[in-house]
1. Output the residues belonging to the stretch 26-62 that are aliphatic (A, V, I, L, M) and either more than 19 Å from the chain's Cα centre (by Cα) or assigned to a loop (DSSP other than H, G, I, E, B) (or both).
2. Inside the stretch 377-400, can you point out the residues that are hydroxyl-bearing (Ser, Thr, Tyr) and either touching an Asp or Glu at 6+ places or on another chain (Cβ under 8 Å) or within 14 Å of Ile242 (Cα to Cα) (or both)?
3. Can you report the number of residues in the stretch 13-42 which are surrounded by 22 or more Cβ atoms within 10 Å (Cβ to Cβ) and either in the same structural domain as Ala301 (by TED's automatic domain parsing) or among the small types (Gly, Ala, Ser) (or both)?
4. Mind listing whichever residues of the stretch 216-239 are over 9 Å from Val3 (Cα atoms), more than 30 Å from the chain's Cα centre (by Cα) and of a type in the set (Asp, Glu)?
5. If you check Arg227, Arg276, which single one turns out to be farther than 21 Å from Ala13 by Cα and modelled with pLDDT of 95 or more?
6. Mind checking which strands (runs of 3 or more DSSP E) fall wholly inside the stretch 170-263 and carry at least 3 residues that are among the hydrophobic types (A, V, I, L, M, F, W, C) and surrounded by 17 or more Cβ atoms within 10 Å (Cβ to Cβ)?
7. Given the conditions (1) modelled with pLDDT of 95 or more; (2) not assigned by TED's automatic domain parsing to the domain that holds Ile202, report the number of the one that Ile362 does not fulfil.
8. Mind counting the residues in the stretch 89-103 that are closer than 14 Å to Ala178 by Cβ and touching a residue at least 40 places away in the same chain (Cβ under 8 Å)?
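The values are calculated or read from the model by the stated rules, or taken from the named source; none is laboratory data. All values reported here derive from a predicted model rather than from experimental measurement. Please note: Cβ atoms are built from the backbone with ideal geometry, for glycine as well, and neighbour counts cover all protein chains shown.
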Amino acid sequence: MAVHTTDVLVIGAGPTGIGAAVRLREKGVEHIVVDSADRFGGMAASHTDDNGFTWDLGGHVIHSHFPEFDDAVARSRARMREVVRNGAVWMSGDDIKSFIPTPVQAQLESWPTDLEPDKPAANLAEYYRNTFGQRLTDTFFTGYNEKMWTVPLSQVDHQWTSLRSGGKSRNVPQMGLADDFRPNQETFPYPVGGSGTLWSAIVANLADASAFRLGAHVERIEPELHRAHLASGEIIAYRHCISSAPVTWLIDSLPPQAKRDTLQASAQLAIGLGFRGQAPEVLSDKSWIYCPDKSVPWFRATMLSNYDPLNAGQGRWNILLEVTGKNGGPVDPAQAVDECLAGFARIGADLDSIESIWTHRIDRGYPIPTLGRDDILESADEDLRSHDIYSRGRFGGWRYESCNQDYSYMQGRQAVDAIYDGTPEAVYWHPEQF
């Protein structure tokens with residue numbers, strides 16, 4: 001049985017693990033990065049199917065709040081496209097004319113009379129009701145968010161609305177009248193060839209990428225012994241561990257603790273539909289579409305061919321759909337595909353021109369910001385760090401509001417600095433500062 005030793009074991013080769021590896025390389029610290037997948041990027045990876053369509057695992061948008069992330073992107077020499085941000089909401093799956101621009105709360109015909117914005121809110125349901133009024137809450141926010149989060153909004157905290165994306169103002173835009181609405185012509189960068197190409201390019205730019213081992217699955221951790229057991233039978237002995245594996249898995253390696261089973265995540269099915277020809281007019285200029293109608297299985301659709309034509313290829317278009325099960329239950333792929341196809345036929349897609357149907361089951365799609373989540377995470381973090389383990393990233397940290405790609409990258413870097421310099425990890429706990 002082979003035993004390897006290293007100063008730092010990094011579990012996961014997504015944005016967080018890659019951020020940690022880049023920083024460890026800068027500091028000259030010996031490290032090993034393992035990932036059970038066959039590609040870099042984690043949840044930001046890209047997949048190309050047998051028909052040549054490229055699919056991301058979600059509707060990824062790259063923002064940057066950090067010069068360190070800007071530097072990594074620049075050094076990678078990854079080619080980037082500037083994509084016009086043009087979202088829409090399909091309010092009713094039965095009505096092709098029910099597409100309206102985002103944000104939906106900027107399309108009001110008159111101001112609600114039942115607003116209570118200063119009233120304390122105990123959960124996300126109350127926040128939406130107080131901020132936008134009952135009608136908008138009923139027609140959009142409840143349906144859309146319950147499809148995304150898969151739990152009643154009374155169980156979801158509302159603090160992420162001001163922290164998500166790290167903006168200085170609330171992530172949920174304020175209300176406005178339709179007569180005053182001006183289309184947002186902002187652009188965002190997107191890697192040519194899919195989001196995963198950026199992360200592969202960042203790794204390829206490292207002077208020594210031999211520290212990365214793909215297809216290496218960690219079966220279990222022995223925190224007291226500082227040892228990781230791989231499925232291959234190998235053992236890695238480490239001084240410190242930075243992990244982006246689900247924190248629930250790490251917690252299970254520690255002595256029993258209360259409330260560890262209350263961290264929740266949404267299970268998803270990613271469905272990619274690839275067509276030849278031109279997209280229906282209503283989709284032709286869209287970047288993404290939200291749908292609150294619960295008769296429609298997906299909550300978000302991303303026009304990947306509008307992000308980058310190479311995602312579909314010449315004379316073709318493709319769209320990615322994110323589907324969650326009703327009440328958080330499993331998704332029947334065949335039924336979901338049939339329902340999605342029927343919906344797109346209603347808005348003008350020619351089903352005879354479909355060339356690819358791609359599905360990918362995601363056991364954990366989004367970490368749900370449930371009430372009391374941070375109390376659990378703070379306790380778990382203290383226990384794990386006492387064993388020299390830093391659990392960070394999308395599911396390693398379980399904080400939705402702290403895991404955009406640039407934030408996740410910085411979580412990896414800041415975990416290294418916390419280990420070796422004792423500096424605080426502001427990105428993970430306080431994304432609102434950036």
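1. Looking only at the stretch 26-62, we keep the residues that are aliphatic (A, V, I, L, M), and these are 29, 32-34, 37, 43-45, 57, 61-62.
Selection gives Val29, Ile32, Val33, Val34, Ala37, Ala45, Leu57, Val61, Ile62.
2. Of all residues in the stretch 377-400, those hydroxyl-bearing (Ser, Thr, Tyr) come to 379, 386, 390-391, 400.
Within the stretch 377-400, Ser386, Tyr390, Ser391 qualify.
3. Summing the residues that are surrounded by 22 or more Cβ atoms within 10 Å (Cβ to Cβ) and either in the same structural domain as Ala301 (by TED's automatic domain parsing) or among the small types (Gly, Ala, Ser) (or both) in the stretch 13-42 gives 8.
4. The one that is over 9 Å from Val3 (Cα atoms), more than 30 Å from the chain's Cα centre (by Cα) and of a type in the set (Asp, Glu): Glu224.
5. Details: Arg227 fails: farther than 21 Å from Ala13 by Cα.
Exactly one of Arg227, Arg276 is farther than 21 Å from Ala13 by Cα and modelled with pLDDT of 95 or more, namely Arg276.
6. Details: elements: 187-191, 212-214, 218-222, 227-230, 235-243.
Hits in the stretch 170-263: 235-243.
7. The failed condition is (1).
8. Qualifying residue count, the stretch 89-103: 6.
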